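The values are calculated or read from the model by the stated rules, or taken from the named source; none is laboratory data. All of these numbers come straight from a predicted model, not from anything done at the bench. Cβ atoms come from the backbone with ideal geometry, glycine included; neighbour counts cover every protein chain shown. Protein only, heavy atoms only, side chains kept; ligands, DNA and RNA dropped before computing areas. Shrake-Rupley method; radii C 1.70, N 1.55, O 1.52, S 1.80 Å.
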Amino acid sequence: MNHKINILESKIKKILNEIGYDISEVTINPSNRPDLGDYQYNGAMQLAKIYHDNPMNIAQRIVDNLKDFEEFKSIDIAAPGFINFIFSDTFLIDFANYSLENIKSNYDLGINKTIFLDYGGPNVAKILHVGHLRSANIGQALNNLCKAVGAKTISDVHLGDWGRPMGLVIQEIKTRYPDLPYFKTNYNGEEVKFTLTNEDLIEIYPTATIKAKENESIMEEARKINYELQNKHKGYYALWQKIVEISKNEIKKIYKDLNVNFDLWEGESDNFEYMDELFEYLYAKNIIKESNGAKVIEVKDEKDKLEIPPLILIKSNNAVSYEATDMAAIWERVKKYNPDEIWYIVDKRQELHFTQVFRAASKSQITNESTKLIFNGFGTMNGKDGKPFKTRDGGVMPLSELIANVTEVCEKRLIENITTKRQEIAKTIAIGAIKYADLLPYRTTDYNFDIEKFTDLNGKTGTYLLYSCVRMNSLLKKANEQNIKFNRISVLTTDNERKIIISMLDLKRIIKKSYENFSLNEICEYLYKITNLYNNFYAENKVLIEENQDIKTSWLSLTKLIYDNNVYLLKILGINIPEKM
């Protein structure tokens, strides 16, 4: 079923066509002047240009032909030709009741596409720190949004599990434990009893990096190990698998806390398997050139205002580049899944890299004309002072530490009579606070994370939204305990009820805008707006002790509508609601 607004727009369009205006589309939007109307139509000004008439005359002619619409309580004109509609209670009630029974109808845009999403991107053997939050958080929310609007999605974490860093880690382990079977020439794949933890790996990598910077022979050894690893040296490859598995398990734990998940847990190593196939194809296309000892693809365009350097496939030292790995990833994804679109949710500072990769993929025809490659860059998350988020000792803050710190603050704010599952509830609230604060700014905007501000119960915060939902749910539970039956709205008695439902009418437009902008801030702002409207209504009305039964059941039904709506929107954002607060 089409949305109520879409149906109304079609009816208005039909009238306009009948009275002689050849128009293909009619759009009505929430009014910029709520004091004049609920929604408005601004097309009279455009029609005036086409038909060389005064827009006020055109607006009046349109209004004269819409005055019998049952959807409207009143229609007025404001200069220079704005048509303002006030909806009838019947129209609003019908829409609210339909939404109550079909909550997902306000989200489904009928997007019939397969979208492959690449987000997360943590590096194996390195700590998962606050810098990894945005890709995973924004990516998961966009994944959820795509599903809500009707698309099929495939998500991949795209682990950084290949290349020189792995050579450095293995080289350091070899230095510390030279007698491990992995490093023997006769190693044949047998299981090795060797205890290695994620904490070990987190310490090993920076140590190895410092050593390699100070000693070129160590760096050269790491390069050699990496080359042999990529050629499936049995011992190195078996140790590498152990390293990846340990790291992956730790990464999964933290992502699970953040309600982030993936269909695929592939990494650069999986894409590397397609490298020979890719290069054979590229050489056959005759687009690879040699430049200063490197193999490159020219990707500049005559329209470029800035210099776009060639994409390097193989460096002058014969090492395969990250650009080549990303090309191989596209090759694999198109071959296996044939998606309509591939979305990359990565730091906006990588835009040049992906411009090169996308152009090379297009030039080589790895992707066909119908496959879109989309770069969704995001800004940085900083500390309260606007500087990079650090620990007290000046290091980059681990993501697990951020979660623990916010959980501690949230637990202090819980009411004292919550004694069971206190830590679990606090953690749920903390995750909601972190995720909402991260999604609230427009995707490309840098922002400062302030723990006290973003856990405040009275601000534009995830904590405020969760508390409001807990209170709505508590009200509905009490009504059920009192055997009050509520499933439909039959009457509107307050201005706030009308405002809430009118805001619900706008939800589909918000969802569409969010999807088209690859951003969640529209949904975050909307959630705050409609929750605030409901809380104003709640503060002014004693729902459970209302004597008029029709009014009481209507208020409870409205509460259920907003609660269900908020649950669904928070689910898109990847936020769970606690049992109590």
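Miscellaneous remarks
- The listed residues are Ala426, Ala437, and the only one of them that is open to solvent by less than 20 Å² (accessible area, probe 1.4 Å) and either free of Cβ contacts under 8 Å to residues at least 24 places away in the same chain or among the aromatic types (Phe, Trp, Tyr) (or both) turns out to be Ala426.
- Out of Arg359, Arg413, Arg443, sole residue that is at pLDDT below 95 and either open to solvent by less than 60 Å² (accessible area, probe 1.4 Å) or over 18 Å from Val260 (Cα atoms) (or both): Arg413
- Residue under evaluation Ile202, criteria (1) in contact (Cβ under 8 Å) with a residue 40 or more places away in the chain; (2) touching a Leu at 6+ places or on another chain (Cβ under 9 Å); (3) assigned to a helix (DSSP H, G or I), criterion not met: (2)
- Once region 1-32 is narrowed to residues that are in a helix (DSSP H, G or I) and among the charged types (D, E, K, R), the residue that is surrounded by the fewest Cβ atoms within 10 Å (Cβ to Cβ) is Glu18.
- Residue count for region 528-560 satisfying the condition of being more than 28 Å from the chain's Cα centre (by Cα), without any contact (Cβ under 8 Å) to a residue 12 or more places away in the chain and surrounded by 13 or more Cβ atoms within 10 Å (Cβ to Cβ): 1.
- Pair list, Cβ under 7 Å, 6 or more apart: region 98-114 residue open to solvent by 30 Å² or more (accessible area, probe 1.4 Å) and in a loop (DSSP other than H, G, I, E, B), other residue modelled with pLDDT of 90 or more and among the basic types (Lys, Arg): Leu109/Lys512
- Of all residues in region 33-44 being more than 18 Å from Ile501 (Cβ to Cβ) and crowded, with 21+ Cβ neighbours inside 10 Å, the one that is farthest from the chain's Cα centre (by Cα): Ala44
- Looking at region 273-370, the helices (runs of 4 or more DSSP H) lying wholly inside it that each contain 3 or more residues that are in contact with a helix residue (DSSP H, G or I) (Cβ under 7 Å, 6 or more places away or on another chain) and in contact (Cβ under 8 Å) with a residue 60 or more places away in the chain sit at 322-337.
- A single member of Lys508, Lys499 is open to solvent by 70 Å² or more (accessible area, probe 1.4 Å) and either out of contact with any Ser or Thr (no Cβ under 6 Å at 6 or more places or on another chain) or more than 27 Å from Ile431 (Cα to Cα) (or both), and it is Lys499.
- Selection within region 125-148 - at pLDDT below 95 and either open to solvent by less than 10 Å² (accessible area, probe 1.4 Å) or of a type in the set (A, V, I, L, M) (or both): Ala125, Ile127, Leu128, Val130
- Check on Leu196, over 26 Å from Asp276 (Cβ atoms), aliphatic (A, V, I, L, M) and either free of Cβ contacts under 8 Å to residues at least 24 places away in the same chain or outside any helix (DSSP H, G or I) (or both): yes
- Yes/no for Glu203 being open to solvent by 50 Å² or more (accessible area, probe 1.4 Å) and farther than 18 Å from Asn123 by Cβ: no
- Residue check for Gly235: touching a residue at least 60 places away in the same chain (Cβ under 8 Å) and buried (at least 20 other Cβ atoms within 10 Å of the Cβ): no
- Cβ-Cβ under 9 Å pairs, at least 6 apart or on other chains, region 401-422 side without any contact (Cβ under 8 Å) to a residue 24 or more places away in the chain, far side open to solvent by less than 30 Å² (accessible area, probe 1.4 Å) and of a type in the set (Gly, Ala, Ser): Ala404/Ala430; Thr407/Ala426; Thr407/Ala430; Glu408/Ala426; Glu408/Ala430; Glu411/Ala426; Glu411/Ala430; Lys412/Ala426
- Where Ile374 falls short, out of the listed (1) outside any helix (DSSP H, G or I); (2) surrounded by fewer than 21 Cβ atoms within 10 Å (Cβ to Cβ); (3) over 18 Å from the mean Cα position of the chain (by Cα): (3)
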